[in-house]
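> The structure's right below; bear with me while I get my questions together.
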Amino acid sequence: MIISERHQLIVLHCRKAAGSSLCVSLARLLGPEDLQISALAETMALGIPLTQRVRRIAWRQSRGVLSLFRLLGPRAYRRALTRAVDHAYRPMLGRKPPHAPAACVAATFPQEWASFRKLAIIRNPWDKTVSDYYWRIQRQRTPPSFAAYVEALAAGHDLGGIVPLAFHDNWPMYTINDQVVADRVVRFEQLQQDLQLFFRDAGMDWDGWMPRSKGGHRPAGAPGGYRNHYTPELEVLIGRLYASEIDQFGYQF
């Protein structure tokens, strides 16, 4: 998520919809008092400096010991800084501040919410679920099958923490009381085209560069195309889980 004073912009970060890549890209354009909560480690890993506001929040939250993590190497420092910013905003934004519900963002930043443009990226729920599955099992020695994952998701079982029950649904991240509150909802399926139009209208000089921040986790030999992962029964389960989003935007399997 990004709250940009310089560009009068709020980026609502939906999961598995190129949100991290967009936040890294936009980090290059942020002003010193802009707030970036998402993709901090990825931003630093590419040598893009964080804003003064973000560094100030991390230092204050860590009570001055953040610099000690530099002794453990760049990766440890990036993780510590990300954790510090995350913990600073958990009381206001919930368990996953980068993917905070829109209602929490509105309550935490009421002035910005009232006047800034709000952007969200959405993705076909059947496709998003496949992407999320591979993201969630990447470090599992004996991962559940995709069928078991979807069935657990539908039944409310987390499979020992693998299934992200509390934050799998993007709908609350850009709606309040089931009403879309983002000023522009960009489809992952036509990402570059829609983002270029949005930033042109917003008067932002965005060059279209987006790193692949969370890609590359699908193992070799995995079925090609999201549809190949589904049986008719699994297709129905996902259709029920994300019915609001599917109905609102006309997504089809």
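> Show me 7-16, 101-110 ranked by packing, highest mean number of other Cβ atoms within 10 Å first.
In descending order of packing, they fall as 7-16, 101-110.
> Enumerate lysine pairs in the chain that are 8 or more residues apart or on different chains, then count those whose Cα atoms are under 16 Å apart.
The result is 4.
> Let me ask something additional. What number, in percent, do you get for the relative contact order of the chain if the mean sequence gap of Cα pairs under 8 Å and at least 6 apart is divided by its residue count? Write down the numbers at each step before the final one.
On the way: 352 pairs, mean separation 60.2, N = 253.
Relative contact order, the chain: 24 percent.
> Among Gln192, Leu66, Gln138, which residue has its Cα positioned farthest towards the positive end of the charge dipole of segment 2-249, with +1 placed on the Cβ of Lys and Arg, -1 on the Cβ of Asp and Glu, and the dipole taken about the Cα centre?
Farthest towards the positive pole: Leu66.
> Please calculate how many Å² of accessible area the chain carries per residue, with a 1.4 Å probe and no DNA, RNA or ligand atoms counted.
Per-residue value: 49 Å².
> From the Cα gyration tensor of segment 66-180, with a ≥ b ≥ c the square roots of its eigenvalues, which class applies: rounded if a/c is under 1.5, or else prolate if a/b is larger than b/c, or else oblate?
Here segment 66-180 falls in the oblate category.
> If you don't mind, another one. Please report, as a whole percent, how much of the solvent-accessible surface of segment 168-253 comes from carbon and sulfur atoms (probe radius 1.4 Å).
On the way: 2300 of 5050 Å².
C and S fraction of accessible area: 46 percent.
> Still on this model: At 222 nm, what helix-only mean residue ellipticity would the chain give, in deg cm²/dmol to the nearest 500, using -39500 (n - 2.57) for each DSSP H run of four or more?
That calculation yields -12500 deg cm²/dmol at 222 nm.
The values are calculated or read from the model by the stated rules, or taken from the named source; none is laboratory data. Just so you know, these numbers come straight off a predicted model, no measurement behind them. No Cβ is skipped: glycine too gets one built from the backbone with ideal geometry, and neighbour counts run over all protein chains shown. Note: accessible area is taken over every heavy atom of the protein model, side chains too, but ligands, DNA and RNA are not part of it. Shrake-Rupley method; radii C 1.70, N 1.55, O 1.52, S 1.80 Å.
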